[in-house]
Amino acid sequence: MDEIISLLKSKNVVYGIKEKAIEDAIENELFNVPFIVAEGDMPYDGKDAQIQFHFKVDTDKVSFKIKEDGSIDFHETDLIQSVVAGQILATKIPAERGKPGKTITGRIIPAKDGKDIKLNPGNNTHLSPDGNQIISDINGQVIFKNNKVQVEPVFEVTGDVDLTTGDINFPGNVIIHGNVNDTFKVYAGGNIEIMGNIGKAEVVAEGNIIIRQGVQGKDEGKIVSAGDIFAKFIERANVKAEGYIIVTEVILH
């Protein structure tokens, strides 16, 4: 054993010598049979830092919920991504340090450290004390814009609440520039402002509800407000407010 190790060292083999393998070969009289007597360590480059988003970043594609019978529920979509104050929106997985290797002659093989990446908090968000998380400051809608994570306190629907939007459920204020069509639901943790009409729909707000036109509820429309309700007209709807109901033109049925 000593002779073999001395011979290896004379050939500059000083690291990773497998003494157990050499002992086994001597005991089993494995002559003229090649086997590994020394092995170095491979270098491993560190992994780059990554950002794990806890919400859907790509909002170009809207997905719908599939019912148990296999049909599509067009009311439930992932268009609105609501968050609450204190919620973690993104987490950085830190870069790893590279692990150097070593040859059997004792030479160090360098390895690269992983590249770092920066978390970019936007409006109404902040970094955690360790800098590895983005946290929401408010209740609202989380969006990824200009490479920043931000939370908007207001959710705007540029058109109607219909098959393209699904039902609306948002913890802040909601502005709808069109109508709320039949069978759809809108819930807001704040105020709701609707530029058009409400049909046979359900609209509920923890704040005020402002309807710039009116309500044609077809006996099944439901409007509920924890504040006041304002409208031009209300026709065939169930309306309840903890504050005032103010209608400028007419209430029917």
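The values are calculated or read from the model by the stated rules, or taken from the named source; none is laboratory data. Keep in mind it's a predicted model, so treat the numbers as computed, not measured. All Cβ positions, even for glycine, are placed from backbone atoms using ideal geometry, and neighbour counts span all protein chains on display. The area values use the complete protein model at the heavy-atom level, side chains included, leaving out ligands, DNA and RNA. Shrake-Rupley method; radii C 1.70, N 1.55, O 1.52, S 1.80 Å.
For residues that are free of Cβ contacts under 8 Å to residues at least 60 places away in the same chain, within 24 Å of Gly140 (Cβ to Cβ) and touching an Asp or Glu at 6+ places or on another chain (Cβ under 9 Å), tally how many sit in region 180-199.
Residues of region 180-199 free of Cβ contacts under 8 Å to residues at least 60 places away in the same chain: 180-182, 186-199.
Right, trim to within 24 Å of Gly140 (Cβ to Cβ) and you get 180, 186-196, 198.
Those left that are additionally touching an Asp or Glu at 6+ places or on another chain (Cβ under 9 Å): 180, 186-191, 196.
So the count comes out to 8.
Taken over region 83-135, the criterion of being within 30 Å of Lys18 (Cβ to Cβ), in contact (Cβ under 8 Å) with a residue 12 or more places away in the chain and among the hydrophobic types (A, V, I, L, M, F, W, C) is satisfied by Ile104, Ile109, Ala111. Residues in region 220-241 that are farther than 22 Å from Gly166 by Cα and of a type in the set (D, E, K, R) were compared, and the one that is least open to solvent (accessible area, probe 1.4 Å) is Asp228.
Of the residues making up region 30-45, those that are open to solvent by less than 80 Å² (accessible area, probe 1.4 Å), acidic (Asp, Glu) and part of a loop (DSSP other than H, G, I, E, B) number 0. Screening His75 against (1) at pLDDT 90 or above; (2) surrounded by 12 or more Cβ atoms within 10 Å (Cβ to Cβ); (3) touching an Asp or Glu at 6+ places or on another chain (Cβ under 6 Å) leaves a single unmet condition, (1).
Evaluated against (1) crowded, with 18+ Cβ neighbours inside 10 Å; (2) modelled with pLDDT of 90 or more, Lys185 falls short on exactly one condition, (1). Screening region 13-29 for residues that are part of a loop (DSSP other than H, G, I, E, B) and over 57 Å from the mean Cα position of the chain (by Cα) and picking the one that is surrounded by the fewest Cβ atoms within 10 Å (Cβ to Cβ) gives Glu29.
Has region 55-68 got at least one residue that is among the polar types (S, T, N, Q) and either at pLDDT 70 or above or part of a strand (DSSP E or B) (or both)?
Narrowing region 55-68 to residues among the polar types (S, T, N, Q): 59, 63.
Subsequent filtering for residues that are either at pLDDT 70 or above or part of a strand (DSSP E or B) (or both) retains none.
No, there is no match, as no residue in region 55-68 is among the polar types (S, T, N, Q) and either at pLDDT 70 or above or part of a strand (DSSP E or B) (or both).
Where strands (runs of 3 or more DSSP E) sit wholly within region 111-211, those with at least 1 residues that are small (Gly, Ala, Ser) occupy 133-136, 140-145, 185-188, 202-205. Of the listed requirements (1) of a type outside the set (Val, Ile, Thr); (2) open to solvent by less than 30 Å² (accessible area, probe 1.4 Å); (3) closer than 27 Å to Ser82 by Cα, Gly214 misses just one: (3).
Whenever a residue of region 1-23 is closer than 15 Å to Lys102 by Cα, its partners that are open to solvent by 70 Å² or more (accessible area, probe 1.4 Å) and part of a helix (DSSP H, G or I), lying with C-beta atoms within less than 9 angstrom and at least six residues away or across chains, give the pairs Val13/Leu7; Ile17/Lys9. Across region 141-178, the number of residues qualifying as more than 23 Å from Gly122 (Cβ to Cβ), free of Cβ contacts under 8 Å to residues at least 60 places away in the same chain and buried (at least 21 other Cβ atoms within 10 Å of the Cβ) comes to 2. With respect to being of a type in the set (A, V, I, L, M), surrounded by fewer than 18 Cβ atoms within 10 Å (Cβ to Cβ) and either on the phi > 0 side of the Ramachandran plot or part of a strand (DSSP E or B) (or both), Val247 fits the description.
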